[in-house]
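Data first, discussion second: the structure below is written as structure tokens.
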Amino acid sequence: MGLVSRRLRGFKRDLLYWGIGIWLIAQFPANFFKNLLYGIALGNTSTLTDISKTESYLFPLMGALIAAFILEGSLYIYLRLKRRKTPIQLLDGLSLGFGSGLVAQVFTGLMLVGSGFRLVFGDTTGPILSYLSQAPVLELIIGLSVLVLFRATLLVVTGVIGVLVARAITERLRYLWLAMIVEAAFVWIIMAIQLVLGVESPGSLSIGHVDLLGSVVAIVYYILVFGLAYRWLLSQSQLLKEKHHQA
């Protein structure tokens with residue numbers, strides 16, 4: 001956030017809280033419909049790898065599209081309502097997008113911190129803690145690198161999504177559909193790659209029982225996506241400044 005916002009003036013912190021709130025609220029219907037979809041897809045099986053190859057790619061894509069539709073639709077509705085009182089700036093979308101990405105996976109992070117403290121005090125009960133206590137250092141570094149890079153990449157991607165949602169209001173509605181596609185693609189592409197590689201739990205973020213090949217591929221993927229998203233945001237910096245001054 002600092003890398004992007006330090007080049008801009010008028011970054012609105014209050015919209016971060018709105019983005020967090022919207023993300024939290026949107027998770028309830030998004031998770032309900034995604035779980036309903038996965039329940040239909042999996043049936044009596046336990047993992048996506050147990051169903052047909054076509055369905056194993058199709059259902060995660062549909063789930064990602066559902067989640068993107070609900071979240072971006074919610075952001076769009078909020079900005080539409082906000083426009084009744086004040087003109088919408090692209091910086092509003094950037095701040096709102098950062099908020100929606102800031103809180104995602106925070107509970108996963110808290111669980112990892114808790115696990116770390118338990119390991120420090122010698123608690124190795126449970127399969128994950130037992131594994132972590134005996135895992136090679138290189139394997140732990142790779143696994144943690146995936147988690148760190150994902151958090152940074154997610155934040156920049158949601159910033160891009162927020163700007164696109166704002167442009168859907170200030171310019172054309174097609175930017176809203178583009179925002180949905182960007183989020184769904186970000187989630188689904190890495191899952192599809194991991195399915196091809198035969199990763200046991202594609203799309204999941206966990207430090208336990210790290211698949212080294214899948215982790216290395218994920219690291220490369222997140223670095224590439226981060227670079228592309230960050231470069232796009234910087235390319236929009238002049239437009240963001242112009243829109244802000246005009247408003």
Inset, instruction - Scan region 50-75 and report the pairs whose first residue is closer than 17 Å to Leu197 by Cβ and whose second residue is modelled with pLDDT under 90 and not in a helix (DSSP H, G or I), with Cβ atoms within less than 8 Å and a gap of 6+ or a chain change. - result: Pro60/Pro202; Pro60/Gly203
Legend entry - Residue identified as in a helix (DSSP H, G or I) and out of contact with any Leu (no Cβ under 6 Å at 6 or more places or on another chain) among Leu164, Leu144: Leu144
Inset, instruction - Of the numbered conditions (1) within 16 Å of the chain's Cα centre (by Cα); (2) at pLDDT below 85, Val187 fails exactly one; give the number of that condition. - result: (2)
Inset, instruction - Looking at (1) hydrophobic (A, V, I, L, M, F, W, C); (2) under 22 Å from Ile20 (Cα atoms); (3) at pLDDT below 75, find the lone condition where Leu147 falls short. - result: (3)
Legend entry - Answer from Ser100, Ser56, Ser74 - the residue that is in a helix (DSSP H, G or I), at pLDDT below 75 and touching a helix residue (DSSP H, G or I) at 6+ places or on another chain (Cβ under 9 Å): Ser56
Inset, instruction - Give the residues of region 12-26 that are closer than 16 Å to Ile77 by Cβ, crowded, with 16+ Cβ neighbours inside 10 Å and not hydrophobic (A, V, I, L, M, F, W, C), sorted by residue number. - result: Gly19
Inset, instruction - Answer yes if at least one residue in region 104-127 is touching a Gly at 6+ places or on another chain (Cβ under 9 Å), touching a residue at least 12 places away in the same chain (Cβ under 8 Å) and part of a loop (DSSP other than H, G, I, E, B), and no otherwise. - result: no
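The values are calculated or read from the model by the stated rules, or taken from the named source; none is laboratory data. What you see is a predicted model; the values in this text were computed from it and never measured. When we count neighbours, we look across all protein chains shown, and the Cβ atoms used for this are built from the backbone with ideal geometry, even at glycine.
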